[in-house]
Amino acid sequence: MSELRFEDVTVRYGRTLTAVDGADLLVPSGQVVGLVGESGSGKSTLARAAVGLADIAGGRILLDGVPLTDRRPLQMVFQDPYSSLDPRMTIGDSIAEAMPRADRRRGEVARLLELVELDADRASAYPGALSGGQRQRVAIARALAGRPEVLIADEITSALDVSIQGTVLNLVRTLQRELRLSMLFISHNLAVVRYVSDIVAVMYLGRIVEVGPAPDVLANPQHPYTKELLAAAPRRGSTALPPLDESLRLVADAEPADPHHPPAGCRFHPRCPVGPLIRTDREHCLTLDPTTDADRRLHHAACHHAGGALRAVGQNQSLLKEDSQ
């Protein structure tokens, strides 16, 4: 088990797009951090930076306090199980390729296949003979073959049928507990993150806007974007809802900002139900960056009004999202 830390990490693509902007995040030893946010928030870029697939323009990535080098004891499971395996290689060869010791490959391949609940005789099969869920199990086995100190799972269920997603999530949770892996689990679905994570971190337009123990963040979210994600998550027993304030509807239906030209001040303010578009006395949200003093707020929330003001509108925001579904 090892601790993975991102310190003020910035990743840029070209001259105009800053995909990750000064991100600070800790993946404690033996725990699962669920990183959640909508498409384009920078989640996958942060993961790719950790495994060396994206260069960082600033900050540091540390493993047990030591900066990562070219030989990184991290492994990543990618989103698409159909493109992550070489169709010309057998399953056994794909898994064995990642192993550090060549003299025990056959037995180790069989052990890893059984670990991900596949028959050992699948080692001679090619990816084309497997379903999407089976391929993703193979991808997990291949990642474990590298004996990682930290495992990064990037949207590993989003390309799978709903009927298969649950079995893969159960497998991931079981493996993490049995092997005591440190894990960064990335998803756009807060319901999925809630199921597997010890800690929840929320990312928006390249920045971490809230982070804390999963039960605390989910029970008492401090950032309005976290509230929005929670309201959009599937839930049981929904009932009819009363009419909604039209001004809240306008900000909730607003499109995310252009990541090439993020808003000044609070990046969420064009969509914020407690921000300057709703409350004219909060013009400071247009110019003052709330990430600069986030450490003094509960869950390190990057919101000038985290706390009572958010709780006061939390019910309206939840009703708004449920009504729009």
Original post:
Restricting to strands (runs of 3 or more DSSP E) lying wholly in segment 1-98: which have 1 or more residues that are over 14 Å from the mean Cα position of the chain (by Cα) and within 14 Å of Glu149 (Cα to Cα)?
Top reply: 4-13, 58-63, 74-77
Original post:
Can you pull out the residues in segment 65-100 that are touching a helix residue (DSSP H, G or I) at 6+ places or on another chain (Cβ under 7 Å) and acidic (Asp, Glu)?
Top reply: Asp86
Subject >> Residue count, segment 133-163 (criterion: buried (at least 16 other Cβ atoms within 10 Å of the Cβ) and outside any loop (DSSP other than H, G, I, E, B)) >> reply: 18
Original post:
On the given criteria, is Val217 farther than 13 Å from Val27 by Cα, in contact with a Phe, Trp or Tyr (Cβ under 8 Å, 6 or more places away or on another chain) and in contact (Cβ under 8 Å) with a residue 60 or more places away in the chain?
Top reply: no
**OP:** Test Asp161 against the criterion of being free of Cβ contacts under 8 Å to residues at least 40 places away in the same chain, closer than 21 Å to Tyr195 by Cα and not aliphatic (A, V, I, L, M), and give yes or no.
**Re:** yes
**OP:** Would you be able to say whether some residue in segment 62-70 is β-branched (Val, Ile, Thr), assigned by TED's automatic domain parsing to the domain that holds Tyr204 and buried (at least 17 other Cβ atoms within 10 Å of the Cβ)?
**Re:** no
**OP:** Being in contact with a Ser or Thr (Cβ under 8 Å, 6 or more places away or on another chain) and assigned to a helix (DSSP H, G or I) is the filter; apply it to segment 105-126 and report the residue that is nearest to Leu179 (Cα to Cα).
**Re:** Ala123
Original post:
Is it the case that some residue within segment 171-186 is buried (at least 24 other Cβ atoms within 10 Å of the Cβ), under 28 Å from Leu68 (Cα atoms) and touching a Lys or Arg at 6+ places or on another chain (Cβ under 8 Å)?
Top reply: yes
Original post:
With respect to Ala23, is the statement that it is at pLDDT 95 or above, touching a Leu at 6+ places or on another chain (Cβ under 7 Å) and within 30 Å of Gly128 (Cα to Cα) true?
Top reply: no
**OP:** Determine whether segment 103-111 contains at least one residue that is surrounded by 20 or more Cβ atoms within 10 Å (Cβ to Cβ) and in the same structural domain as Gln165 (by TED's automatic domain parsing).
**Re:** yes
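The values are calculated or read from the model by the stated rules, or taken from the named source; none is laboratory data. Given the structure is predicted, the values throughout are model-derived calculations rather than measurements. Cβ sites come from the backbone with ideal geometry, for glycine too, and all protein chains shown count toward neighbours.
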